[in-house]
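> For reference, the structure I am asking about is given below.
Every number in this text was worked out from the coordinates using simple rules, so none of it is lab data. Nothing here was measured: the structure is a model prediction, and the numbers come from that model. With ideal geometry, Cβ positions are generated from the backbone for all residues, glycine too; neighbour counts draw on all protein chains shown.
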Ligand SMILES: Nc1ncnc2c1ncn2[C@@H]1O[C@H](COP(=O)(O)OP(=O)(O)OP(=O)(O)O)[C@@H](O)[C@H]1O
Ligand SMILES: [Mg+2]
């Protein structure tokens, strides 16, 4: 649906988008995720037509967008501030974009009330726009964009102005709306949880570049780089040396854990040989009870700290022959007793728990 | 202690500001052609004499025409200048704004003399158009100062939203920008109108056969017996400005209220 090819964008001498290429598929919920200043908004505004690009190609629905102004693009946007016109009623706001279609009053009214019903604001048409709450504003902004039946809906951090409860509510509503309408959604967010729960695919951006583009599961389980891995929840980072690579599988010596066969990181560009490291999520390791279970791999370690958090307990441990502190999280069950600081334990893990990561900023 | 001094200062200040103005209506109704206390009696003769003064009415019409035209032109120019300078960055922008704002700080006599030179060199005739030219020049900076703040308060994503919803730049201006900066536009029109209406120096230098009201009044002051009529005229003008100010403030508040903004202070 949207095809970006080698997009470059400069603000003066500042390189805001560095060679961005990606393909957003029809009907998918696509998220742009990244820390502040990584260029998410810039990329979204580029798609919407508010920002020009210095080189590269942008196609929407098979049409090249070069020279097509924002008001002629098949996209509509929900702004971070919602940009509700304060001098109009809710109904006038929602009907704003219909003017060009020259509909009769009755047709307009019925489309507006249908759109308002879709976002759960039936009967709010006569309200003054400035008398709305944050959540209501967002719904009006949604209705105003969706009434035009865009091919692509662009959303710039639409949830950031809402409180936590409302945010979660709107997240699931937005997800349902997208599924029902089948419109391509492109969402900008800096909240990784939001990106993971809502999206079909997520592009992780750092410094104007797409670091990784994948499904939420793959991003969590198979991050390509240390940076992406650390962006999604806790990840233990250990030194790693590649001994041998065969068919995309690297025999890797991991600090404290020994040797394991790990797949080469996804999307790691071949030519360069970046430094690598290994990552293991805290919940993918287990502290074994004496003699009870057996695991594919077992490693001796010493407990250096215990942090009880109700549902989970976080242990800081050190593997033998390693100085790096490693966090292991354990689900608390009724018959499991807590380990104590200084206790010698066995850590159970699988080679599938570890991922090989590119260690490059 | 210091509070009392402040209070006294306030009273003196307000007296100093408004007492001379209050003399106008007092002597306008005084039944004597000599401007002095004690008052001798009540009369409406001076106002009646105004109705008969053809020259004066002509001057008033000239002034109003000039003031309205100058206000409209200056506001349109200021709208164009501010919408460009607030939204876009371009080389030489600072210098351009500086040049446009300069007449605000130049003595009017300099503007008057130099415009007169230009008009004479160009072989043009002095007319109300030359006065309008001068008045647009001195009014525009004030209009820009007012409109700049209106534009700066306007969230640029509102205009982007309008573009995004399919409207062109022109219709966006009409449907979104203009209604939202309306309070500023009203203030701008009003201030330009007021500046032009009572401007004397430029009008004096550039008026041809048709004097403006201030120029006409000035010419009448040479005849002492006409002074009470001038007072009556001043009273009418005073009334007019009070009505105008009230009206514009009401308008401004109404449109501000429609935008849901809290503008208790206002621009005045
Ligand atoms: N109009 C502009 N002129 C100059 N620099 C800009 C402009 N817009 C953005 N930038 C710069 O480009 C970079 C990327 O900005 P962008 O707004 O795309 O970031 P973002 O990922 O959306 O961040 P955030 O999460 O804070 O919204 C920033 O460093 C920003 O300072
Ligand atoms: Mg942003």
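> Where the centre of each part is set by its Cα atoms, how far does the stretch B:4-51 sit from the stretch A:1-75, in angstrom?
70 Å
> Treating the angle as unsigned and between 0 and 90°, give the value, to the nearest 10°, between the Cα long axis of helix A:134-146 and the longest Cα principal axis of chain A.
70 degrees
> When the Kirkwood radius is taken over all Cα pairs of the stretch A:162-306, what Stokes-Einstein diffusion coefficient follows at 4 °C and 1.567 mPa s, in µm²/s?
71 µm²/s
> In vacuo Debye scattering of the stretch B:45-86, one point per C-alpha: log10 I(q)/I(0) at q = 0.31 Å⁻¹?
So the normalised log intensities are -0.93.
> log10 I(q)/I(0), Debye, Cα-only the protein assembly as shown, no solvent, q = 0.09 Å⁻¹?
Log10 I(q)/I(0), no solvent term: -0.91.
> If contacts are Cα pairs under 8 angstrom and at least 6 residues apart, what is the relative contact order of chain A in percent?
Answer for chain A is 16 percent.
> Angle check, please: helix A:164-181 long axis (alpha carbons) against the longest principal axis of chain A (alpha carbons), in degrees 0 to 90, nearest 10.
Approximately 70 degrees, to the nearest ten.
> For the stretch A:226-361, calculate the relative contact order in percent as a whole number, restricting contacts to Cα pairs under 8 Å that are 6 or more residues apart.
Computed over the stretch A:226-361, the figure is 31 percent.
> Counting only other chains, and only Cβ atoms inside 10 Å, what mean value do you get across the residues of A:78-88?
For peptide A:78-88, the averaged partner shielding equals 6.
> Hey, could you grab the Kirkwood Rh for chain A? Inverse mean 1/r over distinct alpha carbon pairs, Å, one decimal.
After inverting the pairwise mean of 1/r, the radius is 23.2 Å.
> If you bin the C-alpha pair distances of the stretch A:139-214 every 10 Å from 0, what whole percents do you get?
Per 10 Å bin, starting at 0, the Cα pair percentages come out as 16, 53, 28, 3.
> Semi-axes of the equivalent ellipsoid of the stretch A:226-361: what are they in whole Å, largest first, if each equals the square root of 5 times a C-alpha gyration tensor eigenvalue?
28, 15, 13
> Using only helices, what value at 222 nm comes out for chain A when you add -39,500 (n - 2.57) per DSSP H run of length 4 or more and divide by the total residues, to the nearest 500 deg cm²/dmol?
Helix contribution divided over all residues of chain A: -6500 deg cm²/dmol.
> Give the relative contact order (percent, whole number) for chain B; include only Cα pairs under 8 Å separated by 6+ residues.
Once normalised by length, the contact order is 30 percent.
> For the stretch B:1-84, evaluate the Debye formula with one uniform point scatterer on each Cα (no solvent term) and list log10 I(q)/I(0) at q = 0.22, 0.23, 0.25 Å⁻¹, rounded to two decimals.
-1.02, -1.05, -1.11
> Could I ask something else about it? So for the pair residue A:161, residue B:110, with labels modelled 7 Å out along Cα→Cβ, what separation do we get in nm?
So the label points at residue A:161 and residue B:110 sit 4.7 nm apart.
> Now for a separate question. Mind giving me the FRET efficiency for residue B:149 and residue A:14? R0 is 35 Å, r the Cβ-Cβ distance, nearest 0.05 is fine.
According to the calculation, E is roughly 0.75.
> Rounded to two decimals, what is the ratio between the C-alpha radius of gyration of the stretch B:183-226 and 2.2 N^0.38 Å?
After normalising by residue count via 2.2 N^0.38 Å, the value is 1.47.
> If a paramagnetic tag sat 7 Å from the Cα of residue A:304 along the Cα-Cβ line, which residues of the stretch A:341-356 would have the backbone N under 15 Å from that point?
Under cut-off, by backbone N: A:341-345.
> Could you give the length gained by full extension between residue A:247 and residue A:169, i.e. 0.36 nm per residue of separation minus their alpha carbon distance, to one decimal place?
The span from residue A:247 to residue A:169 would gain 23.5 nm if fully extended.
> Provide the convex hull volume over Cα atoms per residue for the stretch A:203-258, in Å³.
109 Å³
> So, in Å, what gap is there between the alpha-carbon centers of the stretch A:286-361 and the stretch A:89-116?
Distance between centres, Cα-based: 60 Å.
> Based on Cα coordinates alone, diagonalise the gyration tensor for the stretch A:11-122, multiply each eigenvalue by 5, take square roots, and list the semi-axes in whole Å, largest first.
Largest first, the stretch A:11-122 gives 32, 17, 15 Å.
> Bin by bin, in steps of 5 Å, what percent of the Cα pairs in the stretch B:46-267 do you find, going until the bin that has the longest distance?
Bins of 5 Å from zero give 1, 6, 12, 15, 16, 15, 12, 10, 6, 4, 2, 1, 0, 0 percent of pairs.
> Give me the compactness ratio for the stretch B:88-152, meaning the Cα radius of gyration over 2.2 N^0.38 Å.
Dividing the Cα Rg of the stretch B:88-152 by 2.2 N^0.38 Å gives 1.33.
> While we're on this one: Using the count of nearby Cβ atoms within 10 Å as a rough guide to exposure, how do A:349, B:46, B:218 rank from fewest to most?
B:218, A:349, B:46
> Nearest 10 degrees, 0 to 90: what angle lies between the long axis of helix A:105-118 and the longest principal axis of chain A (Cα atoms)?
The helix A:105-118 is inclined about 20 degrees to chain A.
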